[in-house]
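Every read-out reported here was derived from the displayed coordinates using simple, explicitly stated rules and does not represent laboratory data. Quick caveat, the model's predicted, so the values are computed rather than measured. Heads up, the Cβs are rebuilt from the backbone with ideal geometry, glycines too, and the neighbour counts pull from every protein chain shown.
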Amino acid sequence: MNRRNFIRGTVASSCLLAFGIRPESVYAAADFVKITILHTNDVHSRIDPFPLDDGKFPGRGGAAPRAALIKRIRQEEANVLLLDAGDLFQGTPYFNYYGGELEMKLMSKMGYDAGTMGNHEFDNGLEGFNKQLPHANFPFLTSNYDFSDTILNGKTKDYHIFKKDGLKIGVFGLGIELAGIANKEQYGETRYLDPLKKALEMEHILKMEHKCDLVICLSHLGYDYNTIKISDKVIAKNTHYIDLIIGGHTHTFLEAPESVKNLNRNETLINQVGYAGVNLGRLDFVFERDRGGKRAYSSATEEINSYFKF
């Protein structure tokens, strides 16, 4: 067992014991359900691994190694969701040449369940993004971009509910304000809506109306700022029911999810795994059915290396 798996296993065991759950019983008993959340952010068209002589990430990243790692985890786990927090476009010549087609096709082949839009999804304008949407067999979730007067009207969703082994996982998306970081010509008549207000609306719909067992926000707002600019930490502190924020935009490498107390004084987790697809985030939630959905979690950051093969 490598160090990462050892840490993940011991953290999971500690969480389960805190709930009075014997870890060895979790995967055998029908009273328990394990949900595995895998996630990426800010992959930025990194289709190939970094070269072996790269100064920062030698041999890291790449679509094929990521696909191999995801496939292995799916073979090991029964209930997996694969999510992306935006900026899949821009960063290598693949985007300049194919305009995002390759990124969409590869994510579809990997079986992504949902993604949100980062600011670089607007680099070729609304028309450019719209042109690539048919290559994605997963929904883009963004609740605070109003596309009513644009070509994208009706082509994204505020939220989506996934059902896994009797549980409901509600996922919604939040995007960063485009004014100032993108040209008006790129986002056109897109209207930016207050992300905190939309977060409060979405969490209420998912938790109170749809009775979701887990509420996840895919955010491209950024992890934290030294200004009043809204961030993942601001969203976490000022909402009630979000269990997990999967973040992007700031290219933040978190060694482990940050735990923030929300307005209900419960735990909201924030996670982000850098950029360029060098890492795959992973969180495993274990639900105990007969104790009101009480849960434990463990986390790991899986390094993506070029030695993984299809």
About the Cα centre, charge dipole magnitude for the chain (Lys/Arg +1, Asp/Glu -1 at Cβ), debye: 860 debye
Cut-off 18 Å, label 7 Å out along Cα→Cβ of H204, residues of region 233-257 by amide N: 235-243
GluC sites (Glu not before Pro) restricted to region 239-280 and DSSP loop, no more than 13 other C-beta within 10 Å: E255
For L174, distant residues with modelled amide H under 5 Å away: S143, L218, S219, H220
Additional length obtainable on full extension of the chain from D53 to Q75, 0.36 nm per residue less Cα span: 4.7 nm
Likely footprinting exposure, L38, L254, L152, fewest C-beta neighbours within 10 Å first: L254, L152, L38
In sequence order, calculated HN-Hα J values of region 182-194 (Karplus, 6.51, -1.76, 1.60; Hz; x Gly/Pro): 9, 6, 3, 4, 7, 10, x, 8, 4, 9, 8, 9, 3
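With a sphere of radius 12 Å drawn around the Cβ of E258, what net charge do the other residues whose Cβ falls strictly inside it have (Lys, Arg +1; Asp, Glu -1)?
Charge balance near E258 sits at -1.
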For region 169-310: rounded, prolate or oblate by the Cα gyration tensor [a/c cutoff 1.5]: oblate
Peptides ranked, highest mean first, by Cβ atoms within 10 Å: ranges 296-305, 205-214, 43-52: 296-305, 43-52, 205-214
Vicinal HN-Hα couplings computed from phi for region 236-250 (Karplus, 6.51 cos²θ - 1.76 cosθ + 1.60; Hz; Gly/Pro x): 4, 6, 10, 10, 10, 10, 6, 8, 8, 10, 9, x, x, 5, 8
Virtual paramagnetic centre 7 Å along Cα→Cβ of D149, amide N under 18 Å, in region 94-130: 126-127
Sorted by Cβ density within 10 Å, fewest first, the residues K184, K155: K184, K155
